[in-house]
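The next block holds one structure in the form of structure tokens; read it before the comments.
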Amino acid sequence: MKIFLSGVSSEFRECRTSLASDLRAMGAEVMLQEDLQQGGRSLLEKLQSYIEFCDRVIYLLGDTYGYEAPISGGGPAPRSYTQWEYFFAMGEKLDGRRAPAKEIYLYVADAKFHPQSRLIQSEEHERRQKAFADMVLSSGYDRGRFSSLDALCRLALRDGFHLPTLPQTSPDVSSVHEYLRSLRSRLDQIDIGSPVQRVNSVATPLRHLNIIEAVCTRPRVRRILKLADSPDGIEVSETQREAFAGIGDAGRRQVILGHPGSGKTTLARWLVIRYAQDFLEGRSFSVPIYLPLREVALSSIGSLDDLIETATKLQPTLPAEAEVRRFLRENRNRLSLIIDGLDELPAISAAGEARAESISRLYGILDEFIDSSEGHQVVITSRIQDYLHNPEFQYSGAVCLLVDEMSIDQIKESILNWHRMAGRLASGDPDNADWLDRASRVFSLVQGNTDLASFVANPLCLNLLQMVYDDSELPYLSISRICEMAVRTLLRLRVEPKAPARDMPTDISHEQYLELLLSVLSDIAVAATDSIAGGGDGTVPLDEVQARVSACLGATTAKGFLARGALIHPIMLDLVRGHGVLISMNAQCFMFAHALFRDTLVGRALTQRGQTEYRDRASSLPWSKAFRHVAGLALADRGPSLAAVDLANALFQDYTRSRDTVMLASAAEIVGELNISSDVLSGALFGPFLAQIRVSLLEAATDRTAPAERRLLLGMLLGRVGDPRLAGTLRANNGQADGKFVRLPAAKVTLGAAMEPAITNPKYVSVFPRLVENLAFEEFSISRFLVTNAEYADFVSDGGYTTDVYWSDNGGVQWLHADGATLDRLRELMRTTSMTHFYTDLNNGRVSEAEISDAIDAMLLRKLPLYWFNHRLNGPNQPVVGVNWWEAKAYARWYSLRRAGHDASSPVVVDLPTEYEWERAARLGPRNDTDTIWAAGSATENAHWNALHRLPPGSAPVGLYPWGSPAMEGPHDLIGNVWEWTTSTNRPYAVAYIHQADDGYGLADRIVRGGSWLSSESLSSTISFRSFDPPCNAYDDLGFRIAATRRS
């Protein structure tokens, strides 16, 4: 039976989730609106299609309107998505035709029902919902009213949905209760490492992972997996749901994927604990079965009964064993099978069975369990690499859930939780001042290094940092050093001290053995990098691993190792033990668990085994990244090594002879690490060399004949070594601009466009510009580049968010010090306009209706740019994004006072440009009569075009896409990098509004110009294209530049 479950998600979220789970437990196929938001057709079209082919519609009616659906042309009166679901069920269609009505089960929330959350809605929406409710209640479909979730379930049971009931007093159920308590106790422990050994999971970071959820069938699995590493525009729903709400209801077949250490096993255990708790408290009828594949012999499992017996045998103190197993076998329709570690199955089992055969038999058992219409749910975990590269892993028809990296806020909370646990175990006090102070220092280290923030977004890597952090290593605790220490720590955790039974030579200490493993790993890292440079996938064959181990054994000075070839096998086991540094792809090849491990170990090889033999590899991009770690590891020696500088200089000289820009990139990787971590290169000895590197990078990055991907790489490296173009200020005395600004003389310019818009998004139709001819402009200056992260960081560090004078001339001070009433007013504004400003995100599934409130709060509740710690967007010379209009205005005010030295008597005012000034700047030069800005006939000179072909997508470093022809010196990045705030309020594009007053305190929409890397409209690549947003909005593709005008 196919059932569509309808109801405003913000009002009935818990009801819908629980009811859907119980219906699925009985074999029904249940669909919610969120399940349909996966790209392709519009959401309304998908809702109509599914409801047309479903058997029943359960409709939950309350007093919340929900989000309004966009309808173009002469359609019906405005309706919310949820109201449309009712009309579709009644047979109405988008094209005006009618279909047979569905069997509707209407349940009405009464006055005693208290929703989990509710949208703040306008009076107009309240009026529309009341009129709709009156109409629906008069239809005769009302089957009863409910005041709680339990009451709703009773109504559904009464009406023939046959939800399961459970005799809670039976002897078998009592035994199952004991079993589940025991299982919950065993799994509710997590090893988070020294100094904390074992803690209760309630206090762990289990609730602070992100999930990218994508409902798909097998043919789409590879596309979604590709997205995990290299986003390419495939539409998925990105969610950040606390406590993984809804994961258990994403489908009856689920596969949880992730990189090593991302938390797959933790999530699987959390699901078991949640299901067990819900059963014990009577909230659910689902009984979890947990099967960690690394602890069982899969070859011995030939049926569901075998699986149940094997899983229950893992419970060491199973009471009433026979009664528990009998209950589980006889109540298969209540079971949820959580199977952890598909990737940990051996290529060949001890019984001689191939892994593909084992998985095929397991999937056969699971399919029979599900397809019998009795089975409740199957959840499997696997490493993403294995699922991607091994067809036998892929589970047909499964929903794929990818455990994503943590956000900076989640990292911060996880660090605090970890140190509170450490304090509790060390002293009995979770608020121990010493541990909390250490937590603050660890987070400050992460905040100050975007590479490190990216590394520790993986929970395992964050845990390793917390374990190895040492104040005595500062200020030379580079990410390379941290990663090397993490590798050592992993080896210590996973490698048990060798005993004679392991054939360990008695003249080799445990520490010597660990050093041997590091040497082996460094050699394997070199082989893996060579594989990637040669077009391979970074895997290293078994025979080569064995050869590297043998070579290191032969090189040791310990006599015992010289004759111990038998150590090869145990060494290889230690390299892949648990979450090891290496992972076994199959019986014949290995690869590194993290690319950073590989690159750091290559850097170790470069520093310890001579650099000359590796210099010829510097012209390969995979090797180029590894050269950074030569400098990072050198810093661990309490200061930058001259050898690292010498290597960078040698590579740079190779570049000057060969003009191979990859060689330049290799030199820049070393210089960039030294430049970030110390001031050695700023001295008289190395200063000229640093200047040469910067000039060469600038020339190569702005070379229009070079491939776009290469220019992007070199541009990002230019930001690391210090982009010389970002220096310069507006002179205070005469208001003249230096190289940072472009002067635009007084002129008459025609703006706008005469064509009719060919636009699909109604937001843009409402602000399409009309032709404005011969508009007169006074002289003014505009910044050559968008304001960058490095420049905005100066504003932040100079008290930008704590000095009211920068905010006092606009309404931003009210946002900066927002009280509850102000925040509520802003939330209401953003929610009531969400269908305008979240139109694309909602329509393609990037954000669901239920997640809008979280997205709004993320924009409002902060004191830094929204994407300040996103490593894809926070390069020093990338444009700052995630700032609202007030933040952009405050920066301009700060720049005027602190950088240009202006005061109230100064003749020049620094501010955001008006939209007319922005377009005047875009039409500077001989091609001002066209509506495109890049060189004629060259699509690759359009930042928007390049963004569409960039993996992963994001903004580009400023200045890669110059204005006009190469000889022109106009503003850069005016089209297609990021949208740009202007001072202009959203009004018609006409002469009458060119000198409109800046409404700094109001909440009226502001015009933004320029399009972005995320823009989908074809016309967004034209000069005249306009958009708008309220001043409180902040996006990952919205930044700004500043302008200087003379006071009138």
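The values are calculated or read from the model by the stated rules, or taken from the named source; none is laboratory data. In this text, all values refer to a predicted model and were calculated from it rather than measured experimentally. All Cβ positions, glycine included, derive from the backbone under ideal geometry; neighbour counts span all protein chains shown.
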Subject >> Residue in region 426-441 that is at pLDDT below 85 and either within 30 Å of Ser360 (Cα to Cα) or part of a helix (DSSP H, G or I) (or both) present >> reply: yes
**OP:** Please find, among Ser1027, Ser1020, Ser1015, the residue that is assigned to a strand (DSSP E or B) and of a type in the set (Gly, Ala, Ser).
**Re:** Ser1027
Subject >> Qualifying residue in region 616-627 (condition: surrounded by fewer than 22 Cβ atoms within 10 Å (Cβ to Cβ), modelled with pLDDT under 80 and farther than 25 Å from Ala708 by Cβ) >> reply: yes
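From Leu681, Leu712, which residue is in contact with a Gly (Cβ under 9 Å, 6 or more places away or on another chain) and either in a helix (DSSP H, G or I) or at pLDDT 85 or above (or both)?
Numbers: Leu712 fails: in contact with a Gly (Cβ under 9 Å, 6 or more places away or on another chain).
It is Leu681.
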Original post:
Would you say Leu974 is touching a helix residue (DSSP H, G or I) at 6+ places or on another chain (Cβ under 8 Å), farther than 27 Å from Arg1046 by Cβ, modelled with pLDDT of 75 or more and not in a strand (DSSP E or B)?
Top reply: no
**OP:** Determine which single condition Ile289 fails, assuming it passes every other condition in (1) assigned to a helix (DSSP H, G or I); (2) over 30 Å from Phe590 (Cα atoms); (3) among the aliphatic types (A, V, I, L, M).
**Re:** (1)
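Which is of a type in the set (Gly, Ala, Ser) and at pLDDT 80 or above, of Ser170, Ser175?
After applying the criteria, what remains is Ser175.
Based on this model, can you work out whether Phe279 counts as in a loop (DSSP other than H, G, I, E, B), modelled with pLDDT under 90, of a type in the set (A, V, I, L, M, F, W, C) and touching a Lys or Arg at 6+ places or on another chain (Cβ under 9 Å)? Explain how you work it out, then say what you get.
On the way: in a loop (DSSP other than H, G, I, E, B): no; modelled with pLDDT under 90: yes; of a type in the set (A, V, I, L, M, F, W, C): yes; touching a Lys or Arg at 6+ places or on another chain (Cβ under 9 Å): yes.
Answer is no for this residue.
Scanning for something in a loop (DSSP other than H, G, I, E, B) and at pLDDT 80 or above, does region 812-835 turn up at least one residue? Walk me through how you get there before you give the answer.
Applying the first criterion (in a loop (DSSP other than H, G, I, E, B)) to region 812-835 yields 817-819, 833.
Among the residues that remain, those that are also at pLDDT 80 or above are: 817.
So far as region 812-835 goes, yes, one or more of its residues are in a loop (DSSP other than H, G, I, E, B) and at pLDDT 80 or above.
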Original post:
Taking region 37-76 only, how many residues are touching a Gly at 6+ places or on another chain (Cβ under 8 Å) and either acidic (Asp, Glu) or modelled with pLDDT under 75 (or both)?
Top reply: 3
Original post:
Do we find a residue being modelled with pLDDT of 80 or more, over 18 Å from Leu401 (Cβ atoms) and touching a helix residue (DSSP H, G or I) at 6+ places or on another chain (Cβ under 8 Å) anywhere in region 263-276?
Top reply: yes
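I'd like the residue in region 373-412 that is part of a loop (DSSP other than H, G, I, E, B) and modelled with pLDDT of 75 or more and, out of all such residues, is surrounded by the fewest Cβ atoms within 10 Å (Cβ to Cβ). Quick ask: steps written out before the conclusion?
Going through region 373-412, the residues part of a loop (DSSP other than H, G, I, E, B) turn out to be 373-376, 390, 394-398, 405-407.
Restricting the remaining residues to those that are modelled with pLDDT of 75 or more gives 390, 394-398, 406.
Working: Asn390: 18, Gln394: 20, Tyr395: 22, Ser396: 11, Gly397: 13, Ala398: 24, Met406: 24.
The selected residue is Ser396.
Does at least one position in region 415-423 carry a residue that is without any contact (Cβ under 8 Å) to a residue 12 or more places away in the chain and either hydrophobic (A, V, I, L, M, F, W, C) or assigned to a helix (DSSP H, G or I) (or both)? Steps first, please.
Of region 415-423, the ones without any contact (Cβ under 8 Å) to a residue 12 or more places away in the chain are none.
Looking through region 415-423, none of the residues is without any contact (Cβ under 8 Å) to a residue 12 or more places away in the chain and either hydrophobic (A, V, I, L, M, F, W, C) or assigned to a helix (DSSP H, G or I) (or both).
Kindly indicate which of Phe132, Phe88 is buried (at least 21 other Cβ atoms within 10 Å of the Cβ) and at pLDDT 80 or above. Full working, then the answer.
Numbers: Phe132 fails: buried (at least 21 other Cβ atoms within 10 Å of the Cβ).
Result of the check over Phe132, Phe88: Phe88.
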Subject >> Matching entry among Val847, Val787 (being modelled with pLDDT under 80, closer than 21 Å to Asp1037 by Cβ and among the aliphatic types (A, V, I, L, M)) >> reply: Val847
**OP:** Would you confirm whether any residue within region 394-405 is free of Cβ contacts under 8 Å to residues at least 40 places away in the same chain and outside the structural domain of Ile479 (by TED's automatic domain parsing)?
**Re:** no
Original post:
Counting just the residues of region 530-553 that are out of contact with any strand residue (DSSP E or B) (no Cβ under 8 Å at 6 or more places or on another chain) and part of a loop (DSSP other than H, G, I, E, B), which one comes out modelled with the highest pLDDT?
Top reply: Gly534
**OP:** Would you check if there is a residue in region 582-596 being modelled with pLDDT under 75 and of a type in the set (Val, Ile, Thr)?
**Re:** yes
